[in-house]
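Worksheet for the structure shown next.
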């Protein structure tokens, strides 16, 4: 028997005229597509029916002549029912792989059964007379689906690529046609066919792909499903991934397969997909109660018995039960702080900070935060112990910004910094004039944390020692800087030459080669890192009022970073870099024109704990806040900021000596002795 189409010989001319009209006239939009569910048990059905969408793209719908003429429907809304009467015996080996008993829909129409096929002709206006179509078909069902045609002698003829007879596969329609075929289903039940069409013009220049559609064939009876039950763990309900079963909540909203967090009680209903039935007695509804959330417990782990300064402190907040994607807040309360302070920028379960003596006795706590940043659990605080067995703090305070000299009325601006970094951020400033035996607070404008201070340079401050103190929040001393000496010069009413417009010429140690040392004199040839040194330029006041650049070699460093104005006494003050390596160096001064004035060798001492070299300093310059046992403290020697919590500065005396402080040395010697550290004075 030949492949049956709806085109008969008597109708060829009509089809040709219609085809010609389609090529000439623009394509008309197809009729509306019905979506209401319907079951078709008999009649002519073009299951895989191609239509042209409004934009000229191909669409895949179902067309039936059962409820009307050429009624278009969405494939998903139609159940194609194969009656039990379709079951019949088939000759052995008639079609490769076909069982002897199948549910059979013949190529020629049996009016008591459905007669499914496909129609691609509606695309001719857009893709031309010779376009081809491939239908890719996947199958899910209780058995196999076979599809074939017949030749003129009734022998089976394959319709799919690869000469296959059984789906899944690709149905080949090499030209526009309305086609029917033999269908056979091996087992009763519900079959789902997923179909998509690929269209190509005869020359291959134009191709397109249809939408994917799902067709439901019910053979003899619907497949009955037993829905898998959702499960609950705590406040998590997991919806199973079961084919052709739809799970919904109480409002009818579809619940996707996977975990769902409960915030309130939940009722889950399972319903079989279109074309399936619920198995007799199978449960299809479940209720789940939202449980009160278990309050997590938070603790801090990783604390060691004690730490040494400059070693890592690594703590971790552990939640029970474990918290996923949670946030954390960490707090530290030092002994000088009235309440815990949140650690900025730390939101993870781990806290890593560096131990220093200012953290001794600090209490660390943590909070577990929800997605809104609200605390849901708090850990008991742990206490950090930093024990360096009597050693001074490693931190050193260095003052920068000091000019070589100032004129009365100038504004002096000094800045304090600390190395290595400290958890403390407060600085206090002190001044000790030549005639004073104790420092007093420096009056001036300070930045928010006191790291910078600005004040008026007066003649009374000439030769004064300036200290910067890194303090606890309550004002008590932690460490104190080496003093810097302020020079205030009036030049007899005469002012120095204007500062050069250009920066000092870069210099190297080669400028000193072959030149004997001399021409400048440093007040201290064995300074410590961070110490301020007075350098005499030339003899007497021969360079007074001029500008010089002071360099330190071997690695060239421009001290002060700029020109230095020579004071009326012929000197400038420079600060040895805090990171200067111990060992031999050379100081050299250069004039405005870049010529060498002179140089001197120095030996930078190794830094002592806390900065400076213990036991050396400026006679008469007492570190602010210094304390000694009460029985040894002379009258009037009161520390301006109280006793230190752990240690005083690493050096209690300054390095710069002046004539005025030498005159005071005998008078303050007892004070200096009284300020030496004693075993029973932890503040010293």
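Values computed for the structure shown
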| quantity | calculated |
| --- | --- |
| Two-decimal log10 I(q)/I(0) for the stretch 306-383, as the Debye equation yields it once each C-alpha is a single scatterer, q = 0.14, 0.21, 0.26 Å⁻¹ | -0.46, -0.96, -1.31 |
| Added length on full extension, which subtracts the Cα-Cα distance from 0.36 nm per residue, residue 591 to residue 297 | 98.8 nm |
| Share of pairwise Cα separations in the stretch 9-219, more than 20 Å, in percent | 58 |
| Residue-span extension gain [residue 214 to residue 555] - 0.36 nm each, minus C-alpha spacing | 114.7 nm |
| Percentage relative contact order, the stretch 349-453, counting C-alpha pairs under 8 Å, at least six apart | 20 |
| Separation between Cα centres of the stretch 453-520 and the stretch 321-335, rounded to whole Å | 47 |
| Where only C-alpha atoms are counted, convex hull volume of the stretch 75-169 per residue in Å³ | 155 |
| Gain upon complete extension [residue 226, residue 101; 0.36 nm per residue less C-alpha separation] | 42.2 nm |
| Order by protection proxy (mean Cβ within 10 Å, highest first), peptides 56-65, 256-265 | 56-65, 256-265 |
| Kirkwood-type radius of the stretch 434-578, with distances r between different C-alpha atoms, in Å | 17.5 |
| For the stretch 565-602 and the stretch 199-273, distance of Cα centres in Å | 84 |
| Relative contact order of the stretch 227-288, defined on C-alpha pairs under 8 angstrom at six or more residues apart (%) | 35 |
| Packing-based ranking, highest mean first, of 446-452, 244-250 given that Cβ atoms within 10 Å are counted | 244-250, 446-452 |
| Cβ-derived FRET efficiency at R0 22 Å, residue 88 paired with residue 161, nearest 0.05 | 0.20 |
| Virtual spin-label span in nm between residue 246 and residue 324, 7 Å along Cα→Cβ | 2.9 |
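Just so you know, all these numbers are worked out from the coordinates, no wet-lab data involved. This is a predicted model, so every value here is computed, not measured. Note that each Cβ is placed from the backbone with ideal geometry, even for glycine, and that neighbours are counted across all protein chains shown.
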